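Values quoted throughout were computed directly from the atomic coordinates according to the rules given, and no laboratory measurement underlies them. Bear in mind that the values here come from a model prediction, so they are computed numbers and not experimental data. Note that we place each Cβ from the backbone using ideal geometry, even for glycine, and neighbour counts take in every protein chain shown.
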Ligand SMILES: NC(=O)c1ccc[n+]([C@@H]2O[C@H](COP(=O)([O-])OP(=O)(O)OC[C@H]3O[C@@H](n4cnc5c(N)ncnc54)[C@H](O)[C@@H]3O)[C@@H](O)[C@H]2O)c1
């Protein structure tokens, strides 16, 4: 047997690491940002929201005994992302972890969808992930290490029955393949890139009052007969970001309650 001195629980420890999380003012990004802090990381919180979403996230991170900064920025803006990474490194230290969760969803029959609706969603969901990874990787390449997790969706693998969202599905398929491509470009320079593809998850994106009928269908269609809680995205994100996944890159981790099996 080889080295057994490995401290297995320590593999998930993120102490001393600096993370940036986009979409950190709500839902999946918010919960993952708090989870990273609970595992020891200091976290830069980026979102375009003007409500108190980021402040709420920051409050939980303070309670976990870690530091955070709040950055109001749009992931479609390359300059804002460069500034965000620079501020993160100046105030928290060298960037080593990133989770890109900022995203939007909407629907319309494909034959009726205006070009503007298609383009606005692609700009956030696909170009936004490209620009975020680019800004983050520039710092990580300089630092000689890094791990990035992009939040894609099972919609990048399957077509959601009853939802007319061709642009959303295509954007998420794009995020999965973009991430594999980044993973291979940076594989020999210390950076790992993976995706998490959540199934239906209870967040403001899915639990609006007008969605209540839809929510029931989502639960029925999921083999586990329920939606995911945002808490259930934390473990997968910590795993992929941490030393526990040191040989894992270019992977899409479905976290979908079994949805894609059926
Ligand atoms: N909720 C689900 O069922 C589900 C399933 C699969 C994938 N996802 C993906 O998970 C990610 C998070 O979604 P969520 O459900 O937590 O939604 P959410 O609406 O609760 O959170 C998304 C956050 O992203 C931010 N954001 C949107 N556009 C932005 C931009 N241009 N710049 C900066 N921030 C921006 C929003 O302000 C919001 O705070 C998204 O990429 C979404 O597509 C969600």
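Brief remarks on what is shown
- Relative contact order of the stretch 8-255, defined on C-alpha pairs under 8 angstrom at six or more residues apart (%): 20 percent
- GNM flexibility winner over the chain from 15, 155, 26 (Cα, springs under 10 Å): 15
- Relative contact order of the stretch 122-262: 29 percent, from C-alpha pairs under 8 Å at least 6 residues apart in sequence.
- Note: the stretch 10-64, Cα convex hull, 61 Å³ per residue.
- In the chain, helices alone account for a calculated mean residue ellipticity at 222 nm of -12000 deg cm²/dmol, with every DSSP H run of four or more residues adding -39,500 (n - 2.57).
- Reference-scaled alpha-carbon Rg (2.2 N^0.38 Å with N residues) for the stretch 44-138: 1.24
- Nearest-0.05 FRET efficiency for residue 3 and residue 63, computed from C-beta distance (R0 45 Å): 0.75
- The eigenvalues of the Cα gyration tensor, multiplied by 5 and square-rooted, give the stretch 8-255 an equivalent ellipsoid with semi-axes of 27, 19, 18 Å from largest to smallest.
- Of all the options 208, 48, 31, the one that moves most in a Gaussian network model of the chain with Cα springs shorter than 10 angstrom is 208.
- Using 0.36 nm per residue and subtracting the Cα-Cα separation, the extra length available between residue 114 and residue 159 on full extension is 14.2 nm.
- If you plug the beta carbon distance of residue 70 and residue 212 into 1/(1 + (r/R0)^6) with R0 = 41 Å, you get a FRET efficiency near 0.80.
- Virtual spin-label span in nm between residue 247 and residue 177, 7 Å along Cα→Cβ: 2.9 nm
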